[in-house]
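Okay, structure first, notes after.
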Amino acid sequence: MTDKFIFRFVAAVSIFVFLVVVILNRKIIPAPAVLPSFTYFLPKLNAILNGTCSVLLLVSLYYIKKGNITLHKRINILTFCLSALFLVSYIGFHYLAPETKYGDADHNGIVSEAEKTAAGGIRYVYYVILVTHIILAAGVLPLVLMSFYRGLQMQVEKHRKLVRWTFPIWLYVTVTGVIVYLMISPWYNF
């Protein structure tokens, strides 16, 4: 496979995933009227997957610093698989479940001025974390895919150059995924 093919493949997969997330999250395709019973477990599962990926990324860094390429590679493959599972779970939840708004204490879908006041200034901290999380999550997928390709092909120098950007962004996304869950979970209507 040529680099040109790989770049096109990574771009196509990244665009496809982004479009699927937008289409399902915005309910362009209507969700079923009756939600499957597992739907409300998905946010907790997502936080567990993100937290696990955070730890695995740090363990992977430890092993590559120690020169253990085999464990580094295996841990990154596991992390990638768990991140893919997270993505499926995330898309499923946001497609199936109604939107949760930070501070919506009465769960009517509208955050009143009184509810905003009750939620306090932490609401703005939540939105800063959420927005940076979403933007970086959308941008990290092609970096992860290219990093994996370079690593699996043992193109070490190209892999290192990419991972300088991929690792901190991916780690930020997984850590803030857990933080977002912890901050929004009191407002879930289930």
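The values are calculated or read from the model by the stated rules, or taken from the named source; none is laboratory data. Not measured: the values here are computed from a predicted model. A quick note on method: Cβ atoms are made from the backbone with ideal geometry, for glycine too, and the neighbour counts reach across all protein chains shown.
Quick notes on this one:
- From the options L162, L141, residue that is assigned to a helix (DSSP H, G or I) and either under 23 Å from L71 (Cβ atoms) or touching a strand residue (DSSP E or B) at 6+ places or on another chain (Cβ under 8 Å) (or both): L162
- Evaluated against (1) assigned to a helix (DSSP H, G or I); (2) of a type in the set (K, R); (3) modelled with pLDDT under 90, K4 falls short on exactly one condition, (3).
- Within the stretch 16-52, the set of residues being farther than 26 Å from L145 by Cα and under 17 Å from the mean Cα position of the chain (by Cα) comprises just one member, F41.
Residue-wise test of (1) surrounded by fewer than 13 Cβ atoms within 10 Å (Cβ to Cβ); (2) touching a residue at least 24 places away in the same chain (Cβ under 8 Å); (3) at negative phi.
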residue: I122; (1), (2), (3): yes, yes, yes
residue: V131; (1), (2), (3): yes, no, yes
residue: F148; (1), (2), (3): no, yes, yes
residue: L171; (1), (2), (3): no, yes, yes
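- Matching residues in the stretch 58-84 - criterion: being surrounded by 19 or more Cβ atoms within 10 Å (Cβ to Cβ) and in contact with a Cys (Cβ under 6 Å, 6 or more places away or on another chain): T79, S83
- The residue pairs whose first member lies in the stretch 31-57 and is touching a residue at least 40 places away in the same chain (Cβ under 8 Å) and exposed (fewer than 12 other Cβ atoms within 10 Å of the Cβ), whose second member is of a type outside the set (K, R) and not in a loop (DSSP other than H, G, I, E, B), and whose beta carbons are closer than 8 Å, counting only pairs six or more residues apart or on different chains, are P32/L96; P36/L96.
- For Y102: the one exception among (1) more than 23 Å from F9 (Cβ to Cβ); (2) without any contact (Cβ under 8 Å) to a residue 60 or more places away in the chain; (3) not hydrophobic (A, V, I, L, M, F, W, C): (2)
- Residues that are surrounded by fewer than 18 Cβ atoms within 10 Å (Cβ to Cβ) and of a type in the set (V, I, T) were ranked within the stretch 150-169; the one that is modelled with the highest pLDDT is I169.
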